[in-house]
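Values in this text are rule-based calculations from the coordinates and carry no lab data. From a predicted model like this one, the values you see are computed outputs, not experimental measurements. Cβ sites come from the backbone with ideal geometry, for glycine too, and all protein chains shown count toward neighbours.
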Amino acid sequence: MATPFSIIIMSYNEEGIIEDCLKAASKVSDDIIIVDSGSTDKTLEIAEKYTNRIYYNKMDTYGSQKNFGADKAKYDWVFALDCDEIFNPELIDYLNHIELKNGHIYRLSRRTYFGGKHVKHSGLWPDRINRLYHRKETKFDDYLVHERLEGFDKMPRINMPGFVHHYSYENIEDLQYKYDKYAKLGAQNRINKNIKPSLLKVSLGPLFRFLKTYFWELGILDGRLGLMISIEGARMVRKRWKYYYALKNR
């Protein structure tokens, strides 16, 4: 018999994508929780067609939003889903028959799109991420960006079949905006955690990021798009240290 689980979704002005996300989510769970941080568009109007479990919570960190939602969940097993992620049929079928194992974390594969085009390499496929977990066994940390489940590296992880369509970047401007945001949050996170970078990491980090994305993660096979993602990733690393020292020297 399949194990029931709740789905938590963070939202903020997601009217363009949230309905597709909720349509797919409603096929695998009878408990969908929206944690909204103050949407001013039609996000909540659309969400109300699929669930009455909608809560406002002022944005602090991504992890705290997800933990807030997990506390509201009907079930102990929780699937953390983003608004721009849509289950594909294979994953829907798997989730409808899954028998979840205590002490395990389940990993999701994301098929990321740039302007509607699938990015097949550049570190963005299969882009596995821990998302389905037991709330009494772990929770999300307080990192400002790229939050993680606590103790995930000490727990067995199961790769789920199928994937989500991840509509992450609309165009180059959207990519640059998000990477700049990640750089600022990454810098602040290192200040908060008293993480001090080495001179080697500061000086060679951007180059390493480019080489890693373009060659090791085969961004070169994505053509011009892969080159662009690799360059912007390197710029993000450089900006992160620029923002870090600006904060440190205030």
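Go through 7-20, 210-223 and give me the packing order, highest mean Cβ count within 10 Å leading. Don't jump to the answer; show the numbers that get you there.
Working: 7-20: 20.6, 210-223: 17.1.
Answer by packing, highest mean first, reads 7-20, 210-223.
Give the angle, between 0 and 90 degrees and rounded to the nearest 10, that separates the Cα long axis of helix 223-248 from the longest principal axis of the Cα atoms of the chain.
So the inclination is approximately 80 degrees.
Evaluate E = 1/(1 + (r/R0)^6) for TRP216 and LYS117, where r is the Cβ-Cβ distance and R0 equals 22 Å; express this FRET efficiency to the nearest 0.05. Intermediate results must be reported in sequence, preceding the final value.
Values: r = 22 Å, r/R0 = 0.99.
So, using R0 = 22 Å, E works out to roughly 0.50.
Could you calculate the contour length gain from LYS136 to MET59, that is, 0.36 nm times the residue separation minus the distance between their Cα atoms, to one decimal place in nm? It would help to have the intermediate numbers written out before the result.
Details: separation 77, 0.36 × 77 = 27.72 nm, distance 2.31 nm.
Length gained, LYS136 through MET59: 25.4 nm.
Return, ordered by residue number, the residues of the stretch 140-180 whose backbone nitrogen is under 12 Å from a label point located 7 Å along Cα→Cβ of THR3.
156-158
Quick one: order SER230, SER203, SER39 by neighbouring beta-carbon count within 10 Å, fewest to most.
SER203, SER39, SER230
Let me know the charge dipole size of the stretch 1-46 about its Cα centre in debye, to the nearest 20, where only the beta-carbon of Lys, Arg (+1) and Asp, Glu (-1) is charged.
Numbers: 3 positive and 9 negative charges, 37 e Å.
So the magnitude is around 180 debye.
What per residue convex hull volume, in Å³, do the alpha-carbon atoms of the stretch 2-49 yield?
In the stretch 2-49, the Cα hull volume divided by residue count equals 60 Å³.
For the stretch 104-250, what is the charge dipole size about the Cα centre, in debye to the nearest 20, if Lys and Arg each add +1 at the Cβ and Asp and Glu each add -1 at the Cβ?
It comes to approximately 460 debye.
Explain nothing, just the number: dipole magnitude of the stretch 6-99 about its Cα centre with +1 on each Lys and Arg Cβ and -1 on each Asp and Glu Cβ, in debye rounded to the nearest 20. Please report the intermediate quantities before stating the final value.
Numbers: 9 positive and 19 negative charges, 60 e Å.
In debye, rounded to 20, the stretch 6-99 gives about 280.
Could you please rank ASP174, ASP82, placing first whichever residue has the fewest other Cβ atoms within 10 Å of its Cβ?
Working: ASP174 13, ASP82 21.
Ordered from fewest to most neighbouring Cβ atoms within 10 Å, ASP174, ASP82 come out as ASP174, ASP82.
In the chain, what percentage of the DSSP-assigned beta bridges are antiparallel, given to the nearest 5? Working shown, then result.
Numbers: 12 of 33 bridges.
DSSP beta bridges in the chain are roughly 35 percent antiparallel.
Name the residue farthest towards the positive end of the dipole of the stretch 100-209 from the options SER122, ASN102, PHE163, assuming +1 on Cβ of Lys and Arg, -1 on Cβ of Asp and Glu, about the Cα centre.
With unit charges placed on the Cβ atoms, the residue in question is ASN102.
With the Cα gyration tensor of the stretch 1-144 giving a ≥ b ≥ c as the square roots of its eigenvalues, does the rule (a/c under 1.5 for rounded; else a/b larger than b/c for prolate; else oblate) give rounded, prolate or oblate?
Numbers: a/c = 1.27, a/b = 1.04, b/c = 1.23.
Rounded.
Treat the count of other C-beta atoms within 10 Å as a stand-in for reagent exposure and order MET1, MET236 from fewest to most.
Numbers: MET1 5, MET236 21.
Taking fewest neighbouring Cβ atoms as first place, the list is MET1, MET236.
Just to be sure I understand: if I project the alpha-carbon convex hull of the chain onto a plane and average over all orientations, what area do I get in nm²?
Values: hull surface 55.7 nm².
For the chain, averaging the hull's shadow over all directions gives 13.9 nm².
Is the shape of the stretch 106-250 best called rounded, prolate or oblate, per the rule: a/c under 1.5 gives rounded, else a/b larger than b/c gives prolate, else oblate, with a ≥ b ≥ c the square roots of the Cα gyration tensor eigenvalues? Present the calculation step by step, with values, prior to reporting the outcome.
On the way: a/c = 1.82, a/b = 1.07, b/c = 1.70.
It is oblate, given that a/c is not under 1.5 and a/b is not larger than b/c.
Using a cut-off of 15 Å between beta-carbons, work out the net charge of the residues near ASP60 (Lys and Arg +1, Asp and Glu -1, ASP60 not included). Don't jump to the answer; show the numbers that get you there.
On the way: positive: LYS58, LYS66, LYS139; negative: ASP36, ASP71, ASP141, ASP142, GLU147.
Here the count lands on -2.
Compute the Cα gyration tensor for the stretch 95-166, then decide on rounded, prolate or oblate, letting a ≥ b ≥ c be the square roots of its eigenvalues: rounded whenever a/c is under 1.5, prolate when a/b is larger than b/c in the other cases, and oblate in all that remain. Show your work: numbers first, answer last.
Working: a/c = 2.51, a/b = 1.47, b/c = 1.71.
Cα axes put the stretch 95-166 in the oblate bin.
Taking the 0 to 90 degree range and rounding to the nearest ten, how far is the long axis of helix 62-72 tilted relative to the main principal axis of the chain, both from C-alpha atoms?
The helix 62-72 is inclined about 10 degrees to the chain.
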